[in-house]
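Chemist: This is the structure, below, for whatever I ask next.
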Amino acid sequence: MHGRLKVKTTKEQEEEKRQKRAQKVKQYRAAFGRIVEKRQAGEKDEEGLQISQQILEMIPDIHSLWNYRREILEHLKEVVSEDELQRRLESERFLTETCLRANPKSYCAWHHRSWTMDHMPRPDWQRELTLCTKFLSLDERNFHCWDYRRFVVRRAQVPAQKELDFTDEKIAVNFSNYSCWHYRSKLLPVVQPDPMGVRPVTEAKHKEELELVQNAAFTDPTDQSAWFYQRWLLGRSRPCQAITRALLSTGRCLATLVHPIRAPLGLQFLIGAGREPLAGTWRTADGQSSSSVWVFTPTLPLPQPLPGPVYLGLDVDGHSVTAELEVSADGLSALLAVAPDFGAPLSPALSSVMLEELDACKQLLEFDPDSKWTLLTTVLLMQTIDRHVYEAETMHTLDELVELDYQRANYYRDLRSRLLVEYTLERQRGDVVDLTGLSLTALYHAPLLALVKTLILNDNHLRRPLSHLAALQCCESLSLDRNEVSSLAGWPAMPSLRSLSLRENALDDLECLATLSACPCLQILDLRGNPVAKGDQKEFQKKVLAILPSLSTLNGEHI
Amino acid sequence: MAKPMRDVVLAKDLPSSLLLEKHIEFLTSYGTDKNDYEFCMTEYMRMSGMYWVMTALNLAGCQDRLPAEEVISAVVKCQEESGGFMASPGHDAHILYTLSAVQILVMYDAIDQINIESLVSYVSGLQKEDGSFVGDKWGEVDTRFSFCAVACLSLVNRLDAINMDKAVEFVMSCMNFDGGFGSCPGAESHAGQIYCCVGFLSITGELHRVDADLLGWWLCERQLPSGGLNGRPEKLPDVCYSWWVLSSLSILGRLHWVHKGQLVKFILACQDTETGGFSDRPGDMPDPFHTLFGLAALSLLGESPSIKPVDPTYCMPVHCLQHLNSKPQRLHI
């Protein structure tokens, strides 16, 4: 029961209400019973319409009664004249209107209205459009009515531009209308599609729209609607699917992609001048059905040395894409590591609009330094305009947001972690990646670490299941000292891992170490400073060895 | 002009601890008076009512407070020849009630008591050419029905019975600028609908198609100063959104993006101290629907040891889902 206040009543009121309700129950039972009888007898008549109407006016959500009405109307269609059918369906439309006035959120009544209109010999769609406009002026957020409006627009073939004009009018009345901004996001790409396909709309319209929404957001900075829409307009376009990492060697063969895929369509190593496909099988690194890290097992041992160039192919939207790997000097392995691209460049025109916006946000912050929406928007603007110039300011603003909007502190912390990993991966491109002391709360972009041999994550705040470490197929040494790891549940299979350091974390359960047995090469484990490693060391060593017998070094001591 | 934010203020005297025993009483009294007005007026969705009550009792560890045989036979009786389930005798089958029936039977380990083949053919028969699902033969299309279809079929390990690629394509065509989902292509994002679509993608193993950071952000922005969650921007908080929002965040591995303590406080404030049960907002009438979603949300938040773990995709106790061939997908960050 939504929004029904519980009210205290007197004994008399209670009794009166009880009697009324008992009466209604009786009426309902009798009426519904009669309907069931009639349906069983196959009666599709006036009486059926009358009785079902009485109940529906009381409870419009009984879908079986609408079904019965449709059965009757379909029957009438066969036996009455077109004019009579038109008249019948018009009164049907009137009934839904009555029901919707009492209950504007009845799924059944809205659906029945569209069914009715679709079966009317001479539907007046203009009347429907007017009705929607009227309903939306009573409740501008009724999504049923917006959906019905879009249905009517399709049937009446109303041009998208006219609907866009309608949203202009609605927004002029009230900026705080999320339903309306949403509709604009659907209409604009139809009315003014970007010929380059980079943005949702043409550049000119994009500028205009940014100005409109900025005006809206600044009018009431606490209203969410405009800010959400603005974030969409500021958003980076989704990067294209591509190969980011590839390795072909006797020990390990893998490929990583920008976006996860479900099936390795067209994914294959091609070797030699003739680009011969290499036979073998692909599986995902984490065992999930879709992944962006795929591991290859060749059917036959790799030729040594590799015969000429090595390529990796992939199907993207039906087209075949190929990338060439670099063959090592000894010819025994081939590697590809594409420089990461975390920000798309802006055109000068758009860039200047964004700079103006950033300036405007900063002015707004002078009046209201605690406006979280303005702060978050400056972060997005700075990331879009030039992520390197504004690196320090971005981080500082995110720290402010953690304090200011504490309900969502973890969101800002994770966003900060994501950006920090991005900056680091742009700078560190070798076998060793050091992410020490960045206050990371999440490890984003793990697939880009697929070729890294040593990963240092010391002095961060990592604590949730680290299953995405599955991407680290080549990682031999992993250090997670001084984090907040309390369990190794969900720890993935890391085929190359030899040394794992988890000093000073919160591990307190010996049993969870069993998941590490999925790392077949693990020899060195350091658990010093964890609750689990307290007490007698000899005893501890014995227990750990029982779980992980192949260890050679535990807590710094050779076994 | 700045308008006041739509939210509620929690009064000081509202309940702040879980009244589990009261809720059990409230739930077990559901339907004991067959002439009760509310009970009678909700007959058209009885099957879902039973699912809310049974699941809530099961999460409270009290499934046996209701006679299993009676429940099972009442459900089994509602299977039509078509294979679909009606909400109660005299009504027509619909995919909404078909899912509720299957969920109840799985919870009671009694799925073998129905005709599974006809169930599978009913559900797969509701798929349209474009991959969408209708609720029944009268043609209403909604992503809720896409979720119901794959949830039903996966619970009987028969996902192979539908055109999965098309089904996924349709759900993806309902994705919006904010990363959320609506009921059909073009429709506005709504937390309930997002739960259905994210749940659908977790069952079909296609969660990588979601922009989890963008959608997760929209979802955590549903939390209001009162601690409660709303279902769309600029709307009032409601206990049932604690479930729709939280389960979606949980599937996306971003449950920690909401403030747990404040949400727990809001949910507990929606308990009815007299009759038991939860309402949508403090001071409103309680009902089984909000009681289930209040308890299920508390279970996901992991702050109430007396409530059993709930599965965020199926909204069923985790221990009832051991038989599934493939577990629903989860994201992690």
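The values are calculated or read from the model by the stated rules, or taken from the named source; none is laboratory data. Since we're looking at a predicted model, the values are computed, not measured. Every residue, glycine among them, receives a Cβ derived from its backbone with ideal geometry; neighbour counts consider all protein chains shown.
Chemist: Name the one entry in B:221, B:188, B:234, B:206 that is buried (at least 24 other Cβ atoms within 10 Å of the Cβ), among the acidic types (Asp, Glu) and within 9 Å of another protein chain (Cβ to nearest Cβ).
Modeler: Values: B:221 fails: buried (at least 24 other Cβ atoms within 10 Å of the Cβ); B:234 fails: buried (at least 24 other Cβ atoms within 10 Å of the Cβ); B:206 fails: buried (at least 24 other Cβ atoms within 10 Å of the Cβ).
The conditions single out B:188.
Chemist: Shifting gears a bit: Anything in region B:319-333 that is of a type outside the set (Lys, Arg) and touching a Gly at 6+ places or on another chain (Cβ under 8 Å)? List them, or say none. Reasoning before the result, please.
Modeler: First, pick out the residues of region B:319-333 that are of a type outside the set (Lys, Arg): B:319-326, B:328-329, B:331-333.
Within region B:319-333, B:326, B:328, B:329, B:331, B:332, B:333 meet the criteria.
Each row is one residue, and each column tells you yes or no for (1) more than 14 Å from every other protein chain (Cβ to nearest Cβ); (2) touching a Phe, Trp or Tyr at 6+ places or on another chain (Cβ under 6 Å); (3) assigned to a helix (DSSP H, G or I).
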{"residue": "B:33", "(1), (2), (3)": "no, no, no"}
{"residue": "B:49", "(1), (2), (3)": "no, no, yes"}
{"residue": "B:54", "(1), (2), (3)": "yes, no, yes"}
{"residue": "B:89", "(1), (2), (3)": "no, no, no"}
{"residue": "B:98", "(1), (2), (3)": "no, yes, yes"}
{"residue": "B:101", "(1), (2), (3)": "yes, yes, yes"}
{"residue": "B:124", "(1), (2), (3)": "yes, no, yes"}
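Chemist: Counting only residues that are surrounded by 16 or more Cβ atoms within 10 Å (Cβ to Cβ) and either aliphatic (A, V, I, L, M) or in contact (Cβ under 8 Å) with a residue 12 or more places away in the chain (or both), give me the strands (runs of 3 or more DSSP E) lying completely in region A:242-322 with at least 3 of them. Quick ask: steps written out before the conclusion?
Modeler: On the way: elements: A:243-248, A:253-261, A:268-271, A:280-284, A:291-298, A:310-316.
Ranges flagged: A:243-248, A:253-261, A:268-271, A:291-298, A:310-316.
Chemist: Could you tell me whether residue A:457 is of a type in the set (A, V, I, L, M, F, W, C), more than 17 Å from residue A:438 (Cβ to Cβ) and without any contact (Cβ under 8 Å) to a residue 40 or more places away in the chain? Let's see the steps before the verdict.
Modeler: Details: of a type in the set (A, V, I, L, M, F, W, C): yes; more than 17 Å from residue A:438 (Cβ to Cβ): no; without any contact (Cβ under 8 Å) to a residue 40 or more places away in the chain: yes.
Answer is no for this residue.
Chemist: Restricting attention to region A:1-35, which residues are of a type in the set (Lys, Arg) and modelled with pLDDT of 90 or more?
Modeler: First, the residues of region A:1-35 that are of a type in the set (Lys, Arg): A:4, A:6, A:8, A:11, A:17-18, A:20-21, A:24, A:26, A:29, A:34.
Of everything in region A:1-35, those that are of a type in the set (Lys, Arg) and modelled with pLDDT of 90 or more turn out to be A:20, A:21, A:24, A:26, A:29, A:34.
Chemist: Can we say residue A:436 is among the β-branched types (Val, Ile, Thr), more than 21 Å from residue A:285 (Cβ to Cβ) and crowded, with 18+ Cβ neighbours inside 10 Å?
Modeler: Values: among the β-branched types (Val, Ile, Thr): yes; more than 21 Å from residue A:285 (Cβ to Cβ): yes; crowded, with 18+ Cβ neighbours inside 10 Å: no.
Judged against the criteria, residue A:436 is not a match.
Chemist: I want to confirm something. Restricting to region A:233-253 and keeping residues that are hydrophobic (A, V, I, L, M, F, W, C) and at pLDDT 90 or above, which single residue is farthest from residue A:175 (Cα to Cα)? Outline the logic, then answer.
Modeler: Narrowing region A:233-253 to residues hydrophobic (A, V, I, L, M, F, W, C): A:233-234, A:240, A:242-243, A:246-248, A:253.
Subsequent filtering for residues that are at pLDDT 90 or above retains A:242-243, A:246-248, A:253.
Numbers: A:242: 40, A:243: 43, A:246: 49, A:247: 53, A:248: 56, A:253: 54 Å.
For region A:233-253, the residue satisfying everything is A:248.
Chemist: Please go through (1) among the small types (Gly, Ala, Ser); (2) in contact with a Ser or Thr (Cβ under 9 Å, 6 or more places away or on another chain); (3) surrounded by 18 or more Cβ atoms within 10 Å (Cβ to Cβ) for residue B:88 and return the number of the only condition it doesn't satisfy.
Modeler: The one condition residue B:88 does not meet is (2).
Chemist: Can you name the residue in region A:456-465 that is surrounded by fewer than 22 Cβ atoms within 10 Å (Cβ to Cβ) and hydrophobic (A, V, I, L, M, F, W, C) and, of all such residues, is farthest from residue B:208 (Cα to Cα)? Walk me through how you get there before you give the answer.
Modeler: Start the filter on region A:456-465 by keeping residues that are surrounded by fewer than 22 Cβ atoms within 10 Å (Cβ to Cβ), which leaves A:456, A:458-459, A:461-465.
Filter once more, keeping what is hydrophobic (A, V, I, L, M, F, W, C): A:456, A:462.
Working: A:456: 27, A:462: 23 Å.
Restricting to residues being surrounded by fewer than 22 Cβ atoms within 10 Å (Cβ to Cβ) and hydrophobic (A, V, I, L, M, F, W, C), the top hit is A:456.
Chemist: Check whether at least one residue in region B:179-195 is part of a helix (DSSP H, G or I) and touching a Pro at 6+ places or on another chain (Cβ under 8 Å), and report yes or no. First the steps, then the outcome.
Modeler: Kept after step one, since they are part of a helix (DSSP H, G or I), are these residues of region B:179-195: B:191-195.
Checking the rest, the ones that are also touching a Pro at 6+ places or on another chain (Cβ under 8 Å) come to none.
Taking every residue of region B:179-195 in turn, none turns out to be part of a helix (DSSP H, G or I) and touching a Pro at 6+ places or on another chain (Cβ under 8 Å).
Chemist: Kindly indicate whether residue A:38 is at pLDDT below 95, basic (Lys, Arg) and assigned to a helix (DSSP H, G or I). Reasoning before the result, please.
Modeler: Numbers: at pLDDT below 95: no; basic (Lys, Arg): yes; assigned to a helix (DSSP H, G or I): yes.
Considered against the rule, which asks whether it is at pLDDT below 95, basic (Lys, Arg) and assigned to a helix (DSSP H, G or I), residue A:38 comes out as no.
Chemist: So which residues in region A:461-489 are under 22 Å from residue A:411 (Cβ atoms) and within 14 Å of chain B (Cβ to nearest Cβ)?
Modeler: A:461, A:462, A:463, A:464, A:465, A:466, A:467, A:468, A:484, A:485, A:486
Chemist: Tell me, yes or no, whether region B:264-284 has at least one residue that is more than 11 Å from every other protein chain (Cβ to nearest Cβ), surrounded by 24 or more Cβ atoms within 10 Å (Cβ to Cβ), of a type outside the set (Asp, Glu) and in a helix (DSSP H, G or I).
Modeler: For region B:264-284, residues more than 11 Å from every other protein chain (Cβ to nearest Cβ), surrounded by 24 or more Cβ atoms within 10 Å (Cβ to Cβ), of a type outside the set (Asp, Glu) and in a helix (DSSP H, G or I): present.
Chemist: Restricting the search to region A:1-42, which residues are among the aliphatic types (A, V, I, L, M), more than 26 Å from residue A:67 (Cα to Cα) and facing chain B (nearest Cβ under 9 Å)? Break it down into steps so the answer makes sense when it comes.
Modeler: The first filter runs over region A:1-42 and keeps only residues among the aliphatic types (A, V, I, L, M), leaving A:1, A:5, A:7, A:22, A:25, A:30-31, A:35-36, A:41.
Okay, now just the ones that are also more than 26 Å from residue A:67 (Cα to Cα), so A:5, A:7, A:22.
Answer for region A:1-42, where residues must be among the aliphatic types (A, V, I, L, M), more than 26 Å from residue A:67 (Cα to Cα) and facing chain B (nearest Cβ under 9 Å): A:5, A:22.
Chemist: Among the residues of region A:134-148 satisfying the criterion of being facing another protein chain (nearest Cβ under 10 Å) and assigned to a helix (DSSP H, G or I), which is nearest to residue A:97 (Cα to Cα)?
Modeler: The residue in question is A:144.
Chemist: Can you tell me which residues in region A:220-230 are at the interface with chain B (Cβ under 8 Å from one of its Cβ atoms) and assigned to a helix (DSSP H, G or I)?
Modeler: A:224, A:225, A:228, A:229
Chemist: Counting only residues that are in contact with a strand residue (DSSP E or B) (Cβ under 9 Å, 6 or more places away or on another chain) and more than 11 Å from chain A (Cβ to nearest Cβ), how many does region B:244-263 have?
Modeler: 4
Chemist: Any residue in region A:378-396 that is part of a helix (DSSP H, G or I), in contact with a Phe, Trp or Tyr (Cβ under 8 Å, 6 or more places away or on another chain) and acidic (Asp, Glu)? Before you say what the answer is, go through the steps one by one.
Modeler: Of all residues in region A:378-396, those part of a helix (DSSP H, G or I) come to A:378-386, A:391-396.
Subsequent filtering for residues that are in contact with a Phe, Trp or Tyr (Cβ under 8 Å, 6 or more places away or on another chain) retains A:382-383, A:391.
After this cut, where a residue has to be acidic (Asp, Glu) as well, the list is A:391.
Checking region A:378-396: at least one residue is part of a helix (DSSP H, G or I), in contact with a Phe, Trp or Tyr (Cβ under 8 Å, 6 or more places away or on another chain) and acidic (Asp, Glu).
Chemist: For region A:278-314, which residues satisfy the criterion of being over 27 Å from residue A:329 (Cβ atoms) and within 14 Å of another protein chain (Cβ to nearest Cβ)?
Modeler: Once the filter is applied, which keeps residues that are over 27 Å from residue A:329 (Cβ atoms) and within 14 Å of another protein chain (Cβ to nearest Cβ), region A:278-314 yields A:284, A:285, A:286, A:287, A:288, A:289, A:290, A:291, A:292.
Chemist: Output yes when any residue across region A:421-438 is over 26 Å from residue A:481 (Cβ atoms), within 14 Å of chain B (Cβ to nearest Cβ) and under 24 Å from the mean Cα position of the chain (by Cα), and no when none is. Write out each step before concluding.
Modeler: From region A:421-438, those over 26 Å from residue A:481 (Cβ atoms) are none; that's our starting set.
No, the conditions are met nowhere in region A:421-438.
Chemist: Right, next: Need pairs with beta-carbon distance below 7 Å; first residue under 18 Å from residue B:114 (Cβ atoms) and within region B:140-168, second charged (D, E, K, R); sequence gap 6+ or separate chains.
Modeler: Short answer, once both residue conditions are applied: none.
Chemist: Look through B:289, B:293 and report the one residue that is buried (at least 21 other Cβ atoms within 10 Å of the Cβ) and more than 10 Å from chain A (Cβ to nearest Cβ).
Modeler: On the way: B:289 fails: more than 10 Å from chain A (Cβ to nearest Cβ).
Exactly one of B:289, B:293 is buried (at least 21 other Cβ atoms within 10 Å of the Cβ) and more than 10 Å from chain A (Cβ to nearest Cβ), namely B:293.
Chemist: Could you list all residues from region A:96-133 that are surrounded by fewer than 21 Cβ atoms within 10 Å (Cβ to Cβ), of a type in the set (Lys, Arg) and within 14 Å of chain B (Cβ to nearest Cβ)?
Modeler: Across region A:96-133, the qualifying residue is only A:105.
Chemist: Right, another one. Taking region A:163-218 as the region of interest, how many residues are farther than 15 Å from residue A:234 by Cβ, under 24 Å from the mean Cα position of the chain (by Cα) and among the aliphatic types (A, V, I, L, M)?
Modeler: Final tally of qualifying residues: 2.
Chemist: Which residues, counting only those in region A:66-87, are surrounded by 19 or more Cβ atoms within 10 Å (Cβ to Cβ) and more than 12 Å from every other protein chain (Cβ to nearest Cβ)?
Modeler: A:72, A:85
Chemist: For residue A:387, state whether it is away from every other protein chain (no Cβ under 13 Å), over 20 Å from the mean Cα position of the chain (by Cα), of a type in the set (Lys, Arg) and surrounded by fewer than 22 Cβ atoms within 10 Å (Cβ to Cβ).
Modeler: Values: away from every other protein chain (no Cβ under 13 Å): yes; over 20 Å from the mean Cα position of the chain (by Cα): yes; of a type in the set (Lys, Arg): yes; surrounded by fewer than 22 Cβ atoms within 10 Å (Cβ to Cβ): yes.
When the stated conditions are applied, residue A:387 passes them.
Chemist: Okay, moving on. Could you pull out every one of the helices (runs of 4 or more DSSP H) wholly within region A:51-131 that has 1 or more residues that are in contact with a Lys or Arg (Cβ under 7 Å, 6 or more places away or on another chain), under 22 Å from residue B:46 (Cα atoms) and modelled with pLDDT of 95 or more?
Modeler: On the way: elements: A:63-79, A:82-102, A:107-119.
Hits in region A:51-131: A:63-79.
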